Amino acid sequence: MDIEQKQADLIEHFVKRASVLQGSALGALVADATSHPSLFAFSEILAVPSVLQLEGTDSSVYLDVLRLFAHGTWSDYKRNADRLPQLVPEQVLKLKQLTVLTLAETNKVLPYDQLMQELDVTNVRELEDFLINECMYAGIVRGKLDQLRRCFEVQFAAGRDLRPGQLGGMIQTLSSWLATSDNLLVSIQEKIKWADSMSELDKKHRKEVEDRIEEVKKSLSLKKLHTVSRPTLTSEGMRRSTLNLVE
């Protein structure tokens, strides 16, 4: 099963569970979802009505945790740790994985120093082990570890949940890309038409040249035939003609 299908199945599972729970009963579900080693998307769970109803209640902290895992990073958690539940090791690992995805959204070359600071990693060996074992083997990123340049070159990174307000910017970017593609298509079509017209002109010119060559060949053939068909006098005939003239 590929990672996309597995994600879809897990999301469906947790959405169904969330739909039949209320209030503090959602706490265990949030903990399970944010600890699951193969789940990296939480927007669908956040959209469940019973989850949204946690806003402003004594159980709103569970909603905050879901939002953190949907859009936040390890640094965000540290800044708000005083009002959030303490995370278990599985949640810490998950949030650090998501942090790598967030960094990869804006830069395809991630310096080791930046990664170590964002992930609270103390040395390069620990960082590289994390990137290989917890990110690349998990299938959420692909890339190259460059020890000489001390950076991670990102070749692929799974997308995170869209943050509030991010959809509009994405639509605008896609619209601009579509307009550019349309203009490029028109330009390509015009070049194809020009190439076709030049091809037709070339064919026409070639036909004219071939016709002219045929005319020249026919003309030369007629001249040759005319030359061969003219009567020629032998030396005896010339002598008799001369005698006749003398007489």
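Suppose we filter Leu145, Leu127 for residues that are within 17 Å of Lys94 (Cα to Cα) and in contact with a Phe, Trp or Tyr (Cβ under 7 Å, 6 or more places away or on another chain); which single one remains?
Result: Leu127 is the single residue among Leu145, Leu127 that is within 17 Å of Lys94 (Cα to Cα) and in contact with a Phe, Trp or Tyr (Cβ under 7 Å, 6 or more places away or on another chain).
Here are some residues: Ile171, Ile132, Ile188. Which one is at pLDDT 95 or above and not polar (S, T, N, Q)?
Answer to the check: Ile132.
What residue, of Asp76, Asp82, Asp64, is acidic (Asp, Glu), part of a helix (DSSP H, G or I) and closer than 16 Å to Asp120 by Cα?
Testing whether each residue is acidic (Asp, Glu), part of a helix (DSSP H, G or I) and closer than 16 Å to Asp120 by Cα leaves just Asp76.
Out of the residues in the stretch 64-94 meeting the condition of being in contact with a Ser or Thr (Cβ under 7 Å, 6 or more places away or on another chain) and within 23 Å of Asp129 (Cα to Cα), tell me which one is surrounded by the most Cβ atoms within 10 Å (Cβ to Cβ).
Of everything passing the filter in the stretch 64-94, Phe69 is surrounded by the most Cβ atoms within 10 Å (Cβ to Cβ).
For the stretch 22-36, which residues satisfy the criterion of being surrounded by fewer than 17 Cβ atoms within 10 Å (Cβ to Cβ) and either assigned to a helix (DSSP H, G or I) or modelled with pLDDT under 95 (or both)?
Gln22, Gly23, Ser24, Ala25, Gly27, Ala28, Asp32
Filter the stretch 108-139 down to the residues that are in contact with a strand residue (DSSP E or B) (Cβ under 7 Å, 6 or more places away or on another chain) and in contact (Cβ under 8 Å) with a residue 40 or more places away in the chain and list them by number.
Lys108, Val109, Leu110, Pro111, Tyr112
Select from the stretch 95-119 the residues that are touching a Phe, Trp or Tyr at 6+ places or on another chain (Cβ under 7 Å) and among the charged types (D, E, K, R) and list them in ascending order.
Lys96, Glu118, listed by residue number.
The values are calculated or read from the model by the stated rules, or taken from the named source; none is laboratory data. Computed from a predicted model, the values in this text were never measured in an experiment. Because the Cβ atoms are built from the backbone with ideal geometry, glycine has one as well, and the counts that use them run over all protein chains shown.
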